[in-house]
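What follows is a set of notes on a single structure, which appears directly below.
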Amino acid sequence: EDDLQQSDIIPGEYEGGLKVWECSLDLCRYLLKHLDTIMTATTQPIHYVAELGCGHGLPGCLVLQHALKNNNKTKKTKVLFTDFNDFVLRDVTIPNIWLNTTSMHHFPVDDVAQSVVLGAGDWNQLSDAILRHQNDNNCAAKNSRFDMLLAAETTYTRETAQATAQLMARHLIPTNGVGLVATKRYYFGCGGGTEAFREAAASQENVIVDNNRSYKLDISLVEVYDNGAGNIRELLKVVLKEVVE
C-alpha cells in the first residue's frame, strides 16, 4: 500500500489506475462535446464499447451515461471497463460507475448492471478472454470486436504503445469502428507517446476479415493540447481502414 502511494506505476504489479491522469480528462472533455455525433455518425449504432486501462473509468462512464439515456429495449449498449489490477476496478472504477449512473442520475440498478462488464488482467489475457467468450449472450463485444475503443495514457512506453495498437487491431470493428487514444506527445524517461503509438500501429500485420478483405490501422490527429508550460498532449482517432491495392 505504501508503494502505491509513493509510485505512479510499479511495472508488472500496478499500472497507475488509482490516479486520475490528465489525458483521461482531455478525452472526457472531447466526449462531452462530441459524443452525440460519434454515437450517431456511423451507419451502425454503437453498442459495444471498451475502455482500455480504465482506472477511474471516467470516459467510459460518460459513454455509459449516454447509453443509459438512449438505450432501446431490444438492444442495450455494453461498456467493458478493463484495468490491469482487480483492486482498481473494486476501489475506484465500480464506485465511479455507481456515482455517475445510479447515484447522480438515478438510472435503474438493473439497467446499469446489464450494461457494464468488468475485466482485470494484462491485455493478452483480456484479448484471449474476448475471443474465448465472443459467442456468449452477455459478451461485451460483437464477434470479438468493438464499435468504440477508448484509451487514455496507455502509450507511456513503447511496450504499452505496442499493446494498445495490438488491441485496436484485434478488436476494433473494421471501417465503422472508432478508437480514441488520449496521449502525451512524448513521455520523458519512458519512451512512449504519439510517435511510439504511430510506429506500433504501422507495425501491426494487416487484419483479414469480411470475406478476406485486408485492413490496416489508420491514425489521425484530432486535437492538440498545449498550454506552453507542460507536456504537449494529443488526441488520436484510430480506424481499421481497408487496404486498397
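The values are calculated or read from the model by the stated rules, or taken from the named source; none is laboratory data. Model, not experiment: these values are computed from the prediction. Cβ atoms come from the backbone with ideal geometry, glycine included; neighbour counts cover every protein chain shown. The area values use the complete protein model at the heavy-atom level, side chains included, leaving out ligands, DNA and RNA. Shrake-Rupley method; radii C 1.70, N 1.55, O 1.52, S 1.80 Å.
Tally up the carbon and sulfur contribution to the accessible surface of the chain as a whole percent, 1.4 Å probe, everything protein left in place. Roughly 49 percent, rounded to a whole number. Dipole magnitude for the chain: computed about the Cα centre from +1 point charges on Lys and Arg Cβ and -1 point charges on Asp and Glu Cβ, it is near 1000 debye. Residue ranking by accessible heavy-atom surface, 1.4 Å probe, largest first, among Val244, Val49 comes out as Val244, Val49.
Rounded, prolate or oblate: which fits the stretch 115-245, taking a ≥ b ≥ c as square roots of the Cα gyration tensor eigenvalues, rounded meaning a/c under 1.5, else prolate when a/b beats b/c? Since a/c reaches 1.5 and a/b is larger than b/c, the shape of the stretch 115-245 is classed as prolate. Calculated on the alpha-carbon coordinates, the convex hull of the stretch 150-224 measures out at 76 cubic angstrom per residue.
Specify whether the C-alpha gyration tensor of the stretch 78-192 places it in the rounded, prolate or oblate class, a ≥ b ≥ c being the square roots of the eigenvalues: rounded for a/c under 1.5, otherwise prolate if a/b is larger than b/c and oblate if not. Verdict is oblate for the stretch 78-192.
The residues of the stretch 92-147 have, on average, 57 Å² of accessible surface per residue, using a 1.4 Å probe with all protein chains present.
Note on the chain: Lys pairs 8 or more places apart or on different chains, Cα atoms under 20 Å apart, count 13. Of all DSSP bridge pairs formed entirely within the chain, close to 55 percent run antiparallel.
Compute the Cα gyration tensor for the chain, then decide on rounded, prolate or oblate, letting a ≥ b ≥ c be the square roots of its eigenvalues: rounded whenever a/c is under 1.5, prolate when a/b is larger than b/c in the other cases, and oblate in all that remain.
rounded
Taking the charge dipole of the stretch 169-245 about its Cα centre, with +1 at Lys and Arg Cβ atoms and -1 at Asp and Glu Cβ atoms, the residue from Ile208, Leu240, Val178 reaching farthest to the positive side is Val178.
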